[in-house]
Amino acid sequence: MDNIIYVFMNENNEWMLKFPKYNIETNAYIGKNGITKDKKERDGKTPLGSFELGRILGTHTKINNKNSLEYQEINENMYWIDDSKSKYYNQLVEISKVEKDWNSAEHLIDYPIQYEYLIEIRTNPNNILGMGSAIFLHCSNNKSTEGCVAVSRDIMEKIVENIDKNTKIEIQ
């Protein structure tokens, strides 16, 4: 069985997430402005395509992952940079370890519901300026996102427990 998480619109025009390998299927939220093949910073759209997953972050001290993937607990110094003029664009930084050169970033700790569990979706792995940043699979607050994919906390916990280094996400 494949190791892909699928995000798609079903026959009822509802967004769904399906992880067949683990019998996970659930409603999902995507970007407030829909989907796109041409992701741009701040467009409110979720990028279409097949992507690798990156780091796992969250508010817990540790997580249960059957495959011993690396996990990092979010702290008050962590920012994901979305300023296209920054040399840290589309990167996670700890403000205590770098010199600030950005005017805009997501302060991860400010989103305790959404980022209780989050997995980076590597939609812009080369950090090309303006091509989208901070695209995650994360917990839902029952609203559309700014471009991420969001599902319920319980489903996110199951996904985090089961993904491995070869799991990919396909947004259709």
Next on the checklist: Quick check on Y71: is it buried (at least 20 other Cβ atoms within 10 Å of the Cβ) and not charged (D, E, K, R)?
Outcome noted: no
Checklist entry - Quick check: is even one residue across region 41-63 in contact with a helix residue (DSSP H, G or I) (Cβ under 6 Å, 6 or more places away or on another chain) and outside any strand (DSSP E or B)? => result yes
Next on the checklist: Give me the residue from region 1-57 that is of a type in the set (F, W, Y) and over 26 Å from Y79 (Cα atoms) and, out of that set, surrounded by the fewest Cβ atoms within 10 Å (Cβ to Cβ).
Outcome noted: F8
Next on the checklist: Looking at the structure I just gave you, is N141 assigned to a loop (DSSP other than H, G, I, E, B), modelled with pLDDT of 95 or more, within 18 Å of the chain's Cα centre (by Cα) and surrounded by fewer than 20 Cβ atoms within 10 Å (Cβ to Cβ)?
Outcome noted: yes
Item to check | Test set (1) free of Cβ contacts under 8 Å to residues at least 24 places away in the same chain; (2) surrounded by fewer than 20 Cβ atoms within 10 Å (Cβ to Cβ) - F136 fails condition number | outcome: (2)
Next on the checklist: Consider region 102-129. How many of its residues are of a type outside the set (D, E, K, R) and assigned to a strand (DSSP E or B)?
Outcome noted: 6
Item to check | region 1-40, residues that are under 18 Å from the mean Cα position of the chain (by Cα), over 21 Å from N141 (Cα atoms) and in a loop (DSSP other than H, G, I, E, B) | outcome: N3, K37, D38, K39, K40
Next on the checklist: Suppose the filter is without any contact (Cβ under 8 Å) to a residue 40 or more places away in the chain, farther than 19 Å from D43 by Cβ and either crowded, with 17+ Cβ neighbours inside 10 Å or touching a helix residue (DSSP H, G or I) at 6+ places or on another chain (Cβ under 6 Å) (or both); does V93 pass it?
Outcome noted: yes
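The values are calculated or read from the model by the stated rules, or taken from the named source; none is laboratory data. Being a predicted model, the structure only gives us computed values, none of them experimental. Every residue, glycine among them, receives a Cβ derived from its backbone with ideal geometry; neighbour counts consider all protein chains shown.
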